[in-house]
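Asker: Below is a structure I'd like to ask you about.
The values are calculated or read from the model by the stated rules, or taken from the named source; none is laboratory data. Everything numeric here is computed off the predicted structure, so don't read it as measured data. In this analysis, Cβ positions are derived from the backbone assuming ideal geometry, glycine residues included, and neighbour counts consider all displayed protein chains. Heavy atoms of the whole protein, side chains included, go into the accessibility calculation; ligands, DNA and RNA do not. Shrake-Rupley method; radii C 1.70, N 1.55, O 1.52, S 1.80 Å.
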Amino acid sequence: MSRKPRLLLSRQALADNYQRLSSFSGQAECAASIKANAYGVGIQFAAPVLWEAGCRTYFVAYLEEALALRSLLPDAVIYAFHGYTPDEFSVARDKNIRPVINTSDEATTQGIASLRPALHIDTGMRRLGIPHDEFERLPELMGCCQPSLLMSHLASADESDSSQSQQQLAQFESVRDALGSRCPPSSLANTAGILLGENYQFDLVRPGIGLYGGSPDPMDPKGFQPVVTWQAQILQLQRVQPGETVGYGGSFVAQHQMQLATIGVGYADGYQRVLSGRGEVAIDGERCPVVGRVSMDLVTVDVSRLSGHRVGSWVEIMGPTISIDTLATKANTIGYEFLTRLGSRMERTIV
Ligand SMILES: *Cc1c(COP(=O)(O)O)cnc(C)c1O
């Protein structure tokens, strides 16, 4: 019997990545961004490991995610990036969830200070946060919402040749200076921001991708360990003759005799179809190219050079040999998208 593709989730790697980010962050508290079910890795797995590693503050996107996290971590400080809607106010207060305030309307809502919110100012991302042209209102807004944290978000921290981070840093610092002694603890850096150095770290950092083994620089893993190892089984071996075509549309034509392995993983599991004829999997640490199109539940790879594999062997789709960033680059995307698209039918095993 063949088995479904599986994800092996490493506690050790997650804890090590947290320690690593924490050690890069100097005096700043190292929080964790675990929105979108911990970037697809799973909060049920990630939250207790991070708590044990010493993480006390967490960021998610929605109140719903915050509530799921609250049931796992009764004593954590939890912020919800997307704030809250009026009907969520009382549950946020009951469950001690801190909204991130993104607009002046939210900041001036009656009673908002009792939620101990964060105040998000926009220093150039133009996505969420109090916009630049309202900064003169900040003292008034802060008086209303009494934020426990002042935050902003970097748009280009992963692009070392961009000057945008410095501009955002300068703007963030000028707001802090203007607030003087009324300035709350502050937070600017995501994973890439932490790596920009001490100036960017302030009182609290909020890394996400580095925790899960992704790097801001696809060419340099920065020592982060792969948390997710994605494996699938060889379901069948094929000998293909020159001139035969493989898979949907016959897009691959064999030039010589070759052995192909049919593997039980496909785009329904998150192995994106754009990897047709481009992706690679690893068998015993050897890279094997994807041949022909990726189908919903299957992919074919060239194993002509290998020996020792057989029907039932587990193949690495992503992990120690094929990093998240290698795979994402081949698919013209980023590790974040790959992780968050990992399919829900896969078995998840904590190791
Ligand atoms: C997702 C997110 C983070 C974490 O970013 P990484 O690049 O994954 O480290 C930090 N801050 C905000 C506002 C975010 O949305």
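Asker: Accessible area per residue for the chain in Å², computed with a 1.4 Å probe and the full protein assembly in place, what is it? Please report the intermediate quantities before stating the final value.
Answerer: Working: 15980 Å² over 351 residues.
With all protein chains present, the chain gives 46 Å² per residue.
Asker: Taking each pair of distinct Cα atoms in segment 198-238 once, what is the resulting Kirkwood hydrodynamic radius in Å? Mind dumping the intermediate values first?
Answerer: Numbers: mean 1/r = 0.0754 Å⁻¹.
Hydrodynamic radius (Kirkwood, Cα pairs) of segment 198-238 is 13.3 Å.
Asker: Using a/c under 1.5 as the rounded threshold, could you call segment 231-323 rounded, prolate or oblate? The axes a ≥ b ≥ c are square roots of the C-alpha gyration tensor eigenvalues, and prolate needs a/b larger than b/c, oblate otherwise. Don't jump to the answer; show the numbers that get you there.
Answerer: Values: a/c = 1.66, a/b = 1.16, b/c = 1.43.
Verdict is oblate for segment 231-323.
Asker: Across segment 340-348, in residue order, what do the Karplus-derived ³J(HN,Hα) couplings come to in whole Hz, using 6.51 cos²θ - 1.76 cosθ + 1.60 with θ = phi - 60° and x for Gly and Pro?
Answerer: Computed from phi, the couplings for segment 340-348 are 6, 9, 4, x, 7, 7, 6, 6, 10 Hz.
Asker: Still on this structure: What percentage of all Cα-Cα pairs in segment 31-212 are separated by more than 30 Å?
Answerer: Numbers: 2508 of 16471 pairs.
For segment 31-212, the share of Cα pairs beyond 30 Å comes to 15 percent.
Asker: Averaging sequence separations of C-alpha pairs under 8 Å and six or more residues apart, then dividing by the length of the chain, give the relative contact order as a whole percent.
Answerer: Working: 760 pairs, mean separation 66.3, N = 351.
Reported relative contact order: 19 percent.
Asker: Still on this structure, please answer the following. Looking at the P(r) of segment 131-172, how many percent of alpha-carbon pairs lie beyond 15 Å?
Answerer: Values: 456 of 861 pairs.
Result: 53 percent of Cα pairs exceed 15 Å.
Asker: Please express the shape of segment 163-206 as an equivalent ellipsoid: the semi-axes are the square roots of 5 times the eigenvalues of the C-alpha gyration tensor, given largest first in whole angstrom.
Answerer: Working: eigenvalues 66, 33, 8 Å².
Its equivalent ellipsoid spans semi-axes of 18, 13, 6 Å.
Asker: Same structure, new question: Using θ = phi - 60° and the Karplus form 6.51 cos²θ - 1.76 cosθ + 1.60, what ³J(HN,Hα) does each residue of segment 180-193 get, whole Hz, x for Gly and Pro?
Answerer: Values, residue by residue: x, 6, 7, 6, x, x, 10, 8, 10, 8, 8, 4, 5, x Hz.
Asker: Using the per-residue mean of other Cβ atoms lying within 10 Å as a proxy for protection, in what order, highest first, do the peptides 4-11, 228-235 fall? Before the final figure, lay out the partial values.
Answerer: Working: 4-11: 19.6, 228-235: 22.6.
Result, highest mean first: 228-235, 4-11.
Asker: State the Kirkwood hydrodynamic radius of segment 278-351 in Å, one decimal place, computed from all pairs of distinct Cα atoms.
Answerer: Working: mean 1/r = 0.0741 Å⁻¹.
Computed over segment 278-351, the radius equals 13.5 Å.
Asker: If contacts are Cα pairs under 8 angstrom and at least 6 residues apart, what is the relative contact order of segment 1-127 in percent?
Answerer: On the way: 154 pairs, mean separation 21.4, N = 127.
The value is 17 percent.
Asker: Which distance in Å, rounded to a whole number, links the C-alpha centroids of segment 63-112 and segment 295-312?
Answerer: So the two Cα centres are separated by 48 Å.
Asker: Mind jotting down the three principal axis lengths of segment 95-189 based on Cα atoms? Whole angstrom, largest first.
Answerer: 44, 29, 21
Asker: For the chain, set up a GNM with springs between Cα atoms under 10 Å and report which of Leu179, Leu188, Leu128 has the largest fluctuation.
Answerer: Leu179
Asker: Please report the relative contact order for segment 228-350, taking Cα pairs under 8 Å with a sequence separation of at least 6, and give it as a percent rounded to a whole number.
Answerer: Worked out over segment 228-350, it gives 29 percent.
Asker: Follow-up question, since we're still on this one. First compute the accessible area of the chain with a 1.4 Å probe, then give the percent of it belonging to carbon and sulfur atoms. Walk me through the numbers before you get to the answer.
Answerer: Numbers: 7390 of 15980 Å².
Of the solvent-accessible surface of the chain, carbon and sulfur hold 46 percent.
Asker: Would you please calculate the Kirkwood hydrodynamic radius of the chain over all C-alpha pairs and express it in Å, rounded to one decimal? Show your work: numbers first, answer last.
Answerer: Details: mean 1/r = 0.0456 Å⁻¹.
Computed over Cα pairs of the chain, the Kirkwood hydrodynamic radius comes out at 21.9 Å.
Asker: Could I ask something else about it? 222 nm [θ] for the chain, helices only, -39500 (n - 2.57) per DSSP H run of 4+, per residue, to 500? Present the calculation step by step, with values, prior to reporting the outcome.
Answerer: Details: 11 runs with 91 residues, N = 351.
Taken over the chain, the calculation gives -7000 deg cm²/dmol.
Asker: With a 1.4 Å probe and all protein chains kept in place, how do Cys183, Cys30, Cys144 rank by accessible area, largest first? The partial results should precede the final answer.
Answerer: Details: Cys183 30, Cys30 5, Cys144 55 Å².
Largest accessible area first, the residues go Cys144, Cys183, Cys30.
Asker: Which translational diffusion coefficient, to the nearest whole µm²/s, is obtained for segment 13-55 from the Stokes-Einstein equation, given a Kirkwood hydrodynamic radius over C-alpha pairs, 10 °C and 1.306 mPa s? Let's see the in-between values first.
Answerer: On the way: Rh = 10.6 Å.
After rounding, the answer is 150 µm²/s.
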